[in-house]
Structures are given as structure tokens and as C-alpha cells.
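Pasting a structure here, questions to come.
The values are calculated or read from the model by the stated rules, or taken from the named source; none is laboratory data. Bear in mind the structure is a predicted one, so any value in this text is a computation, not a measurement. Here the Cβ positions follow ideal geometry from the backbone for every residue, glycine too, while neighbour counts run over all protein chains shown. Keep in mind that these areas ignore ligands, DNA and RNA; they rest on the heavy atoms of the full protein, side chains included. Shrake-Rupley method; radii C 1.70, N 1.55, O 1.52, S 1.80 Å.
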Amino acid sequence: MALTNTTITSWKLQEIVAHSSNVSSLVLGKASGRLLATGGEDCRVNIWAVSKPNCIMSLTGHTSPVECIQFNSSEERVVAGSQSGSLRLWDLEAAKILRTLMGHKASVCSLDFHPMGEYLASGSVDSNIKLWDVRRKGCVFRYKGHTQPVHCLAFSPDGKWLASASDDSTVKLWDLIAGKMITEFTSHTSAVNVVQFHPNEYLLASGSADRTVKLWDLEKFNMIGSSEGETGVVRSILFNPDGSCLYSGSENTLRVYGWEPDRCFDVVHVGWGKVSDLAISNNQMIAVSYSQNNVSWYVVDLSRVKKSGSVIQGLIQDKPIPTPTSALGTTLRRNYERPTTSCTGQEMKQSSEADRRSPEGERRSPSSEDEKEDKESSAEITNPEDYKEIFQPHSVISRTPPKRTEPFPAPLEHSFSESVLEKPGPAVKIVTPVIDRAGQLKGPITSSTPVQRVEPTVIAAVPRPVAVVTTSVTSPSRPVVTTTKPKPSTGIILSTRNEPIGLNAGDFLSHVRNAKAGAMGDEEALAQIRKGHDTMCVMLTSRYKNLDTVRSVWASGDVKTSLDSAVSMNDLSIVVDVLNILNLKPSLWKLDLCTSILPQIEDLLQSKYESYVQTGCISLKLIVKRFWPLISDTLAAPPSVGVDITREERHQKCKACYKQLKNLSNVVKNRAEQVGRHGSTFKELQLLMAPLDY
């Protein structure tokens, strides 16, 4: 049996819990491919850095669920539309609300920024499209024509046109300067979900619930291509940055299309479910999807995806090759002329002055109600370090996020060159861990997405490894290897497992029993399954009561007392749950909390459960970064003159924290000798705690 290593094409990067309630919308920053904004039914907009587990910033102010979000081209601003019809615009670098725009009578379901930056368009469930001047807080024009909700808007690269896609199965093209519709495309047979302009040429692409992607010539205003190979609703489309091909995202599948003639270059099966948005960075496609309150990131290595050449047969019907084509395979046509200044915006502004006085146009001046709503909105920075790194430029020239970022390392995929025939008797299988280029454990070999889901109760920066399986059931249609993978020397129970701890699947199967005993009956099998069920129910009920007690204390606003009550229960699982909440919101941490939790962190770091170790590491890292300067300065300060009770109390707390941190330093030093991801985490902590030795 030969084993070979190959780099996989697509993988799941991470899964996070993005909101306290269901996620209702999200968008990736297209400039960097590294920023994500999510909107939820909790009325918040959260800003995330791709691959990092903690929210950078949480934007508040909406009083109804957030239905759509959009970044501007520089990713310095974000606008969000709500179910109530209001829009709110935030400046991410300044971490403040800029504008509150009111005007739609129904839910806002689509947004886009004008390339010049001073205008934005919004589409609503009421079928209206509005153009806003963000400097004047006013709607400068309203476009009517659709009969159903407008689900996608896109400005042309030169800023002169606006394309809209609607549930009425049409795509409309609007002239912003003339203030009227240019043309309407009606070839789709179901709701159109997404539209996008070609980055250079006069082409427009649209994706629909009719399972087709269509391309439209914007010089002749006719359809030049249509795919017929989609297996599901088309939810996202994206042109390659050089315009050579078009990517289409539908359920669990990425397709790569060419046109003139129509052809499908490649099909990549990705387990992303209902993909919501796509972006390209470092020759990698970043994709996001959401389900309930979870958001998942996926990566597709575009260097391993076919973007030209022969057609994949049977996926799309080729049409006769038309007029002479360019090197990229597309018909030579006019390119957009991008203005170097905001002249287009000025023309649009002048053109709209008369429109404001017409029945079609609207204009609102800022009101006291708007001012009040602006004050009620806020931008809460939940992760100061990542915020400073991403949104605060170090010079006038630099733009954020950084344009040059490293591509995400792909896990390795092991493949067997020959099969191993199934043998009778109890079967045990090898689960071979995948190690990435940084020497970190990524998980076992799988045929689709090798990285498993991150548990929602634990915040971790990287996907978790999968537990070693000691027994498994062989499949008649898929023979497996029969040997056992030894447990790690540390004896840690990994946080993501293929099978539950302490449950042997072989106990329920007839082939592990004595041949004379015959097959196990249904009742006997159920009795085996029910073993320990009552005990488990008692344990879970007890844990629920404890959590409810902590929650009731927490609701009163006393975080310290709720943490102390969790500690007094002598149940580390309760402490871990509370810490995971505190780790999400560092502003809740106080010196008082450190004195209570540091002894518990020592137990967590030495726990056999990987999830406990991870939570302990995150909490310890946060404490050292936030409180070590205060502790060291307080202990090094000369004695005060007279009686200062507050200072004396602080000195005692700092002294207790220092003693506990010294104990933890020894634990960290011993664990840093481990190999792999855990060892690297403890090495990082060891470096952070180095000043304790001086």
C-alpha cells in the first residue's frame, strides 16, 4: 500500500458563532478578501477578520434585524439596511456612525456604493431603488420599474450605470446621469439573485434561481451566453480580476465559465452549502455561508482550478463561435473609461437638482430625529489589537486592510494508491492526521472539507483537530484499513471527534459477538444504547441548573459575583462557558476577575480536554496582555505616604495575581515542550509571560 501527499483544492477554513441570534446577511470586502461584515436578527453589524475567531467591532443602532450590508471600495466604510427601511453608514477607521438615512417604507434588501464613494444605492422589498447622497443625508433620486423586491444592485466600474436584479425575473440597467432606465433583460424565468459588471469590458453577468448564469452585451444590449449546467440556485457570481472567466457559486459547487463560445472550464465540489458571497485574494477564492447564528469560511485554491482550455463535456452546450475573439476567448469590445476624479459624481449631482423637485425625485434635509438616531448608534471595538492592525493606518499613504497578505496554507491530502480488502472480525481503522505547512494538526483525511466545525462554546483561532478513533464499522461498499492509531502521549481528549468518548460502536453490531450467539435483536441493541443514558440526563440537568443560576446573577449586572458563583460550583465546564463569554468581550475584564479566575485557569491548562485547554490559553493571554503592565507598575511603585485604602487594595490584588501568574508560568513552560499546535500555543504564552522572570 503506497501513500502519497497532495495539496487539496478546497477546504473549510473556520466556523464561528457570529451573533447571539440568527445571521440574516453578510458580505466580504472585495478589495482585500480579508474582511467580513455580518448582520443579525439581534440588530447588530459585526466586523470580522477572515480566519480570526473574535469579532473586531460591533456596530449598534438598528432597532430591527439587519437585512443587507455592503463595504465601500476601500473597506473603510460599511452601510447596513434594516427591516424597518432605515440605512446606517459607519466609518470603520474612526469607529463612529456617519449617517442615518430614512426613506424606504419596507425592508432594505440590497445595497451598493458608487465607485466615487459619495453616493450609494439601496433596493427595497417595496420594489423601489433609491440613490443617496451620503454627504447631504438625502435621497437624490428614486428609480421605479420593478414589480417585486430588488435583491441585488451593482454600479458599473465607470460609475455611470446601475444594474438591478429583482424577484420579478428581470435585470434592469439604469443611466444615472439621465435618470432613466436604459434597457431591461427578461430572459430569466425565475428570481434573479445577483448581478455583476465585468471589470473591464461592457459585459454584465446575472445569476438566478432558475439555475442559470447569463451574460449580457452592454453595447448591443443582447444576451451573449447562458449556462445550463447549474445543479442549484445561483447565489453568488464573481469575475476573475483579469476578466478572463466567471465564477458561479451554487449549493456546494463552484463552476468556472467562459463565454463566446459558452463553456464550463471546471467544476469544484465544495461543502459550503448555500454560499452567500465570494472574494478573491492571493489567487485564492474566499467564500462564506451561514446557517442560523453560525458563519463558515471556505477557501478554494484557484491555482488548482482550470480557468481556460478545453471544455468539461456534458456541463454546458457550446454555441457556434461568433466573431473574432481575443486571447482570453471573449469578443473584442469596448472597455470602461474610469475617470481619475469624481467628475461623474458632479455630473450626477447637477443632473439630479431638477429631479429633486419632480415627483420622481426626493430630498430630505437632516432632522432632529436623525441626529438623535446617530447619537444612539455606536461602534463598539471588541478586539482592540486586530482593530488597530486593520483599521488604523500607520501613514497617510497606507490603506487598510493591508493589500499584501499571505495566502491561507492548504492542508495536505493523503491518498491511498491501492485498496485494502475487508477482513472478518472487529474492524479498526487508521485516522491519519493532516499536518499543515506550519506543523499544526488539521484533522483526518476526508474527501471534501477536511477541517471540522469549531464548537460554538469555544473560541479558537484555528480549526480543531479530530479525535483519534479506536474503533469503527467497516462499510461493504468502501473497504477500510485495519489498524489502530495510538493516542497522543499527553492523553488530551480532542474537542472534535468522529465518535463519542467511552462508546464502542462495535458493541452494537453482530459481527463482534460470538458466532454461536447469533445476531443481536433490536431490544438488546437499544438496551446497549441506553446504557448510561439516565446518568447523562442527570448530569446535563444539573449543568443546566448551574448555568441558569449563573445567568440570573449575570443578568443583574454583577459579572464578578456570577463568575464567583460559577467557580464555587466546582464544575470546570461551567467556568469554561462563562470564560468563553468573557473572552468574546474583553472590556468586561477587571482586576477583580483575574484574582478569581487565575487559579481556575491553572486547572484548565492541565485538563485532558482540548477545549478546556484552548479556553484557558485564550483567557491567560488576554489577562497578561491587558493587566501585566498594571501589575508590574503597581508592585514596582514606592510605598505611598499616608493611608490610601484604594491603592492598598489594588496592591494586594496585584500581588495575588503576580503569585498566581508565576505558578502558571511554570505550567506554561512545561507544556511548551509539546510538539504540534498545543506546543506552539504554549510557546506563544511563554514569550508573553517572559517579563515575569525579570
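Assuming R0 = 22 Å, can you tell me the calculated FRET efficiency for the pair D571 and K531, based on Cβ-Cβ distance, to the nearest 0.05?
On the way: r = 23 Å, r/R0 = 1.07.
E(calc), rounded to 0.05, equals 0.40.
The range 74-145: D in µm²/s via Stokes-Einstein (Kirkwood Rh, Cα pairs, 37 °C, 0.692 mPa s)?
In µm²/s, the coefficient rounds to 269.
Could you sort out which of K220/K274; K12/K172; K52/K669; K388/K662 sit more than 32 Å apart by Cα distance in this structure?
Working: K220/K274 34 Å; K12/K172 36 Å; K52/K669 25 Å; K388/K662 30 Å.
Beyond 32 Å: K220/K274; K12/K172.
Might you report the magnitude of the Cβ-based charge dipole of the range 532-692 about its Cα centre, with Lys and Arg at +1 and Asp and Glu at -1, to the nearest 20 debye? Could you put the intermediate results ahead of the total?
Numbers: 20 positive and 16 negative charges, 89 e Å.
With Lys and Arg at +1 and Asp and Glu at -1, about 420 debye.
If you consider only alpha-carbon coordinates, what radius of gyration and Dmax does the range 568-634 have, in Å?
Here Rg and the maximum Cα pair distance are 11.7, 36 Å.
Taking 7 Å along the Cα-to-C-beta vector as the label spot, tell me the D522-R551 distance in nanometres, rounded to one decimal.
A separation of 3.7 nm, rounded to one decimal place.
Another question, then. Rule-of-thumb check for the range 568-694: C-alpha Rg over 2.2 N^0.38 Å? Don't skip to the answer; put the middle values down first.
Working: Rg = 15.2 Å, N = 127, 2.2 N^0.38 = 13.9 Å.
Normalised by 2.2 N^0.38 Å, the Cα Rg of the range 568-694 equals 1.10.
Separate question: How do H269, H19 rank by accessible surface area computed with a 1.4 Å probe, from largest to smallest?
On the way: H269 135, H19 10 Å².
The ranking, largest first, comes out as H269, H19.
Quick one: compute a quarter of the convex hull surface over the Cα atoms of the range 10-301 and quote it in nm².
Its average projected convex-hull area is 13.4 nm².
Considering only Cα-Cα distances, which of the following residue pairs are longer than 30 Å: K30/K608; K30/K96; K560/K621? Walk me through the numbers on the way to the answer.
Numbers: K30/K608 42 Å; K30/K96 22 Å; K560/K621 19 Å.
Long pairs (Cα-Cα over 30 Å): K30/K608.
While we're here: Report the label-to-label distance for K683 and R334 in nanometres (one decimal), using points 7 Å from each Cα along the Cα→Cβ vector.
5.9 nm
Mean projection of the alpha-carbon convex hull of the range 651-691 over all orientations, in nm²? Please list the in-between numbers first.
Details: hull surface 11.1 nm².
Its average projected convex-hull area is 2.8 nm².
Rank-order 101-108, 548-555 by packing density, defined as the average count of other C-beta atoms within 10 Å over each peptide's residues, highest first.
Details: 101-108: 19.1, 548-555: 14.1.
Result, highest mean Cβ count within 10 Å first: 101-108, 548-555.
Also, I was wondering about something else. In nm, to one decimal, how far is the modelled label at K105 from the one at K388, with both set 7 Å along Cα→Cβ?
Taking the simple label geometry, K105 and K388 are separated by 5.0 nm.
Rounded to the nearest 10 Å², what accessible area does D558 have for a 1.4 Å probe in the complete protein model?
D558 has an accessible surface of roughly 60 Å² with all protein chains in place.
Taking the highest mean first, how do the peptides 578-587, 650-659 order by number of other beta carbon atoms within 10 angstrom per residue? Spell out each step's value before the answer.
Values: 578-587: 18.3, 650-659: 16.2.
Result, highest mean first: 578-587, 650-659.
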